[in-house]
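The structure appears below as structure tokens.
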Amino acid sequence: MSLLIAGTTSDAGKSVLVAGLCRWLYRRGVKVAPFKAQNMSNNSVVTPDGGEIGRAQAMQAAACGLEPSVRFNPVLLKPGSDRSSQVVVLGRVDGTVSALSYRERKPALLETALRTLGALRADYHVVICEGAGSPAEINLRATDIANMGLARAAGLPVLVVGDIDRGGVLAHLFGTLALLDAADQALVAGFVINKFRGDPALLEPGLRQLRALTGRPTLGVLPFDDRLWLDAEDSLSYVADGVVGRPAPPVGSRWLRVAVPRLPRISNATDVEALACEPGVAVRYVTEPSRLADADLVVLPGSKSTVADLDWLRATGLAEAVVAHAAAGRAVLGICGGYQMLARRIVDPVESGRGAVDGLGLLDLEVVFEPGKRLARPDGIALGHPVGGYEIHHGQVTRSAEPPLITTTGGDPEGADAGAVLGTHWHGLLENDGFRRALLARVAPPGFVPAADTRFAEVRAGQLDLLGDLVERHLDTEAVWRLIEHGVPAGLPFVPPGAPV
């Protein structure tokens, strides 16, 4: 039994609705798993078996009470530029493609997706699938493997979700359906509206008219809830200069301000979300140097294109501002690509093909990019606390004169601790509560007091439960279950004009 959640646009709410449905089913005792045939994202995680998948599918797996698995996201595209992406198939890098050359690979990848989905359906009572982008991208329909192409091949009922906060949601829902051909439309069983604010009675006449026009019901209206902000699927969700999350007031007399350069090819932007869970910590993504002037901590995040994003830092003046920040004795933390940028020299024949380039020179080390990607889930000790994390990178530190930030369980040094400047290749390090508190105490201005009771894992679990609550309270869950159990009802009308011939 399965269901596909499609969306009118990217970031319409597909990922959170899938997570909410998974949590709702899991709490009912259903053995459920998530699935996304093809994901395009630089936010990824490492699975226990050493593969790589989109972070959203790891979050959805957690909603199901599961560890992440490569089966939940068999195809992952990681954009390295506007015209090319690295392809990850069943957790492993399988080349780089352009938008045009990728089309040639689609038939084989659809077969991979269908085999993987078939195995999941055999192992789980329910599989909740997530589409990609919008099914109304008619220019891509012939080679689609994630939306109606998957639904048709696997016989999946489809719900389409739209974000009313963007405006025009009724037109989006109607137009999405009306641009599909008859066979695709026959699988679309209804709609869900996301991020509604206000009185539902005002929306009801529009929903009745939408049903009259399409013959399909709206199975729920999810309210806007500003408590939901963790694990964003798309780095575009992070707006420059806005505070990340909803931080509680400080425990002490001062706020601690964190500035995160919003790199053009930022990866694993979610790394700093654990900081944003702390009372009194204001985390902002920034795009120009004046925003670093009053920061207590600068975090250089991961990047899918380290050298190109380092060029951007220099072009914007942020590189000079980061160096000045460190020279003033204020803290800088580099994570993965951001750690590599702090080096004296970067040698990159892999991602950029530029060879040797100068880094920011804030850490006495050298980074060399290798064709093979390191994927690992290590653990160790950092700042006196046990820590775990995950690694996803081509760049390797080949020389370092800095004390390590982390000592792995095997006794190996990792990262660098040069006083005000720190760095590591480990994503997820800030999710370790003891380490995070020790770091905040180290970089804090006078008057800031780290909270003693923030538990990041509990915050994340609370968000998943909130998603499950929203689904249970605001969706017609009986109708959703009928779709999962029995599929699309017969006789749904065709809505013209349909896909162009």
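The values are calculated or read from the model by the stated rules, or taken from the named source; none is laboratory data. Please read all numbers here as calculations on a predicted model, not as lab measurements. Note that each Cβ is placed from the backbone with ideal geometry, even for glycine, and that neighbours are counted across all protein chains shown. What goes into the accessible areas is simple: the full protein's heavy atoms, side chains included, and nothing from ligands, DNA or RNA. Shrake-Rupley method; radii C 1.70, N 1.55, O 1.52, S 1.80 Å.
Quick check: pseudo-label points 7 Å beyond the Cα along Cα→Cβ at Thr409 and Ser10, how many nm apart are they?
Placing both labels 7 Å beyond Cα along the Cβ direction yields 3.7 nm.
If I model a spin label as a point 7 Å beyond the Cα along the Cα-Cβ vector, how far apart are those points for Arg344 and Ala182 in nm?
7.2
Could you work out the equivalent-ellipsoid semi-axes for region 150-209, taking the square root of 5 times each eigenvalue of the Cα gyration tensor, largest first, in whole Å?
They are 25, 11, 10 Å, listed from largest to smallest.
Applying 1/(1 + (r/R0)^6) with R0 = 51 Å to the Cβ-Cβ distance of Ala293 and Ala201, what FRET efficiency is obtained, to the nearest 0.05?
Once rounded, the FRET efficiency stands at 0.60.
Counting other Cβ atoms within 10 Å, which trypsin sites (Lys or Arg not before Pro) in region 381-475 have at most 13 and lie in a DSSP loop?
Those that pass, being in a loop and sparsely packed, are Arg455.
Quick check: from the Cα gyration tensor, does region 370-478 come out rounded (a/c under 1.5), prolate or oblate?
Oblate shape, in that a/c is at least 1.5 and b/c is the bigger or equal ratio.
Quick one: helix 477-486 against the long Cα principal axis of the chain, what's the angle to the nearest 10°, folded into 0 to 90?
Once rounded, the angle reads 70 degrees.
Test of understanding: what is the full-extension gain from Ile138 to Thr398, defined as 0.36 nm times their sequence separation minus their Cα-Cα distance?
88.8 nm
Round to the nearest 10 and give me the degree value, 0 to 90, for the angle of helix 306-316's Cα axis relative to the longest principal axis of the chain.
Tilt relative to the chain: about 80 degrees.
Roughly how many nanometres apart are two label points built 7 Å out from the Cα toward the Cβ at Arg28 and Leu100?
Distance between label points: 4.8 nm.
Between Arg374 and Arg354, what is the FRET efficiency for a Förster distance of 25 Å, r being their Cβ-Cβ separation, to the nearest 0.05?
0.75
Based on the alpha-carbon gyration tensor of the chain, what equivalent-ellipsoid semi-axes (square roots of 5 times the eigenvalues) come out, in whole Å, largest first? Don't jump to the answer; show the numbers that get you there.
On the way: eigenvalues 328, 126, 84 Å².
Semi-axes (√(5λ), whole Å): 41, 25, 21.
To two decimal places, what compactness ratio does region 417-501 give when its Cα radius of gyration is scaled by 2.2 N^0.38 Å?
On the way: Rg = 24.6 Å, N = 85, 2.2 N^0.38 = 11.9 Å.
Against the empirical 2.2 N^0.38 Å value, I get 2.07 for region 417-501.
Roughly speaking, what is the centre-to-centre gap between region 341-416 and region 208-226 when only Cα atoms are used, to the nearest Å?
Here the two parts' Cα centres lie 49 Å apart.
If the cut-off is 26 Å between C-alpha atoms, which lysines fall inside it for Lys373, apart from same-chain ones fewer than 8 positions away?
List returned: Lys36, Lys78, Lys106, Lys304.
Taking the dipole about the Cα centre of the chain, with the C-beta of Lys and Arg at +1 and of Asp and Glu at -1, give me whichever of Leu156, Ala146, Gly380 is farthest to the positive side.
Positive-end residue among those listed: Leu156.
Could you give the semi-axes, largest first, of the ellipsoid that matches region 1-109, computed as the square roots of 5 times the alpha carbon gyration tensor eigenvalues and rounded to whole Å?
Whole-Å semi-axes of the equivalent ellipsoid: 26, 15, 12.
List the aspartates and glutamates whose alpha-carbon lies under 12 Å from that of Lys31, not counting same-chain residues fewer than 8 positions away?
Asp123
Taking the dipole about the Cα centre of the chain, with the C-beta of Lys and Arg at +1 and of Asp and Glu at -1, give me whichever of Thr214, Gly175, Val32 is farthest to the positive side.
Sorting the options by dipole projection puts first Thr214.
Do any trypsin sites (Lys or Arg not before Pro) in region 131-212 lie in a DSSP loop with no more than 13 other beta carbon atoms within 10 Å, and if so, which?
Details: sites: Arg141, Arg152, Arg166, Lys195, Arg197, Arg208, Arg211; in loops: Arg197.
Loop-located and lightly packed - Arg197.
Can you compute 3J(HN,Hα) from phi for each residue in region 144-160, using the Karplus curve 6.51 cos²θ - 1.76 cosθ + 1.60 with θ = phi - 60°, rounded to whole Hz and x for Gly and Pro?
Listing the rounded values in order: 5, 10, 10, 10, 6, x, 6, 4, 5, 5, 9, x, 9, x, 10, 10, 10 Hz.
About the Cα centre of the chain, what is the dipole size in debye to 20, counting +1 per Lys and Arg Cβ and -1 per Asp and Glu Cβ, all else neutral?
It works out to roughly 640 debye.
What ranking of Ser15, Ser253 comes out by heavy-atom accessible area, probe 1.4 Å, highest first?
Heavy-atom accessible area, descending, gives Ser253, Ser15.
Please determine, in degrees from 0 to 90 and to the nearest 10, the orientation of helix 433-443 with respect to the longest principal axis defined by the Cα atoms of the chain, where the helix direction is its Cα long axis.
Computed tilt is about 50 degrees.
Cα centroid distance between region 249-298 and region 39-97, in Å?
26
From the helices alone, meaning DSSP H stretches of at least four residues, give me the mean residue ellipticity at 222 nm for the chain, per-run term -39500 (n - 2.57), in deg cm²/dmol to the nearest 500.
Details: 14 runs with 154 residues, N = 501.
It comes out at -9500 deg cm²/dmol, rounded to the nearest 500.
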